[in-house]
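S.K.: Below is a structure I'd like to ask you about.
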């Protein structure tokens, strides 16, 4: 039932998707050639895939993770895939991003390495899932999941925004007497980007992800709130004579699904059997596929970015007050359709878990947690 309803909904979406794609051909909203990008969690998995793709597109890439051995291997892998540009540069930095001061250090090191200029794009990908039942999780695991899956992204986002806006905030007092006197320029610098990486699990409660999904859902809420706040800064700075020197900042959240990676393989070793049952029909993507889908969404200028068809359907079912992608018409119509579909999908998921428990007990017929 789960896959059938989602598949039917996806088919219904094909016509408006094709129509909107033909009507909304726009220039690349995410140029990276010659720009400096920080990627956290980039020693393996999705992060490594994104680093490779952006290097191929001509970006200067700084990869960040904890494990130096993995970072060195990833850096060489990225160099080999890079565009043939003599000016292209790469660096790796070992850091524990669950500590706020480490995020500040990363921004400062990259700024120094980048000739005194802060990075143009910061993409927080670092994260890990420990798929356990909520009642089985000890306090340390609960805190660790929040630290790496929420705070590491939130800290990096704030550190980046402070580096970008700080000099202008420090010199800002009040709007000039005549706002019309503010200098205007035909050529403004390209936007800077903060990109947070959540998960499609943030949209739907699934047995086994009770300690992973909440921090990922919190990242979406953070993005919505920061998106709103950015309008305050952009509006205030627009009235200053120096407004043409201040790049606009855009924030996005990416919601990948299952990725074939060392991290996912480790998850499968401890995942509850009923979690396998719930996601058995979910699509699986390679690190290159998820990277390509995420970057394509950024190039379209999307705000909430899905990497597969299932993610789109899950997002449409929980749009609430988040800004819509593109014109917003497709998002609105699909949210109506998917919310109707959830009348069937939600109960079916709950019945799957109930039936599994009835047939197997809590942990399976052998009674072990796993």
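Quick note: the coordinates plus some simple rules give every number you see, no bench work behind them. Note that the structure is predicted; figures quoted are calculated from it, not measured. All Cβ positions, even for glycine, are placed from backbone atoms using ideal geometry, and neighbour counts span all protein chains on display.
S.K.: For residue 112 and residue 96 in one chain, what is 0.36 nm times their gap in residues minus the Cα-Cα distance, to one decimal in nm?
M.R.: Full extension of this stretch gives 3.8 nm more.
S.K.: What's the FRET efficiency of residue 72 with residue 26 using the Cβ-Cβ distance as r and R₀ = 45 Å, to the nearest 0.05?
M.R.: Rounded to the nearest 0.05, the efficiency is 0.70.
S.K.: At a 10 angstrom cut-off on C-beta neighbours, averaged per residue, how do the peptides 125-131, 142-148 rank from highest to lowest?
M.R.: Result, highest mean Cβ count within 10 Å first: 125-131, 142-148.
S.K.: Then there's this: Once fully extended, how much extra length lies between residue 225 and residue 239, figured as 0.36 nm per residue of separation less the alpha-carbon to alpha-carbon distance?
M.R.: Extending this stretch completely gives an extra 2.8 nm.
S.K.: Taking 45 Å as R0, compute the FRET efficiency from the Cβ-Cβ separation of residue 286 and residue 134 and round it to 0.05.
M.R.: Details: r = 30 Å, r/R0 = 0.68.
In this case the efficiency is close to 0.90.
S.K.: Compute the FRET efficiency between residue 188 and residue 84 as 1/(1 + (r/R0)^6), taking r as their Cβ-Cβ distance and R0 = 35 Å, and round to the nearest 0.05.
M.R.: About 0.70, to the nearest 0.05.
S.K.: Sort out for me the Cα centre separation of segment 70-147 from segment 260-302, rounded to whole Å.
M.R.: When both Cα centres are located, 19 Å separates them.
S.K.: For residue 170 and residue 276 in one chain, what is 0.36 nm times their gap in residues minus the Cα-Cα distance, to one decimal in nm?
M.R.: Difference between extended and current length: 33.0 nm.
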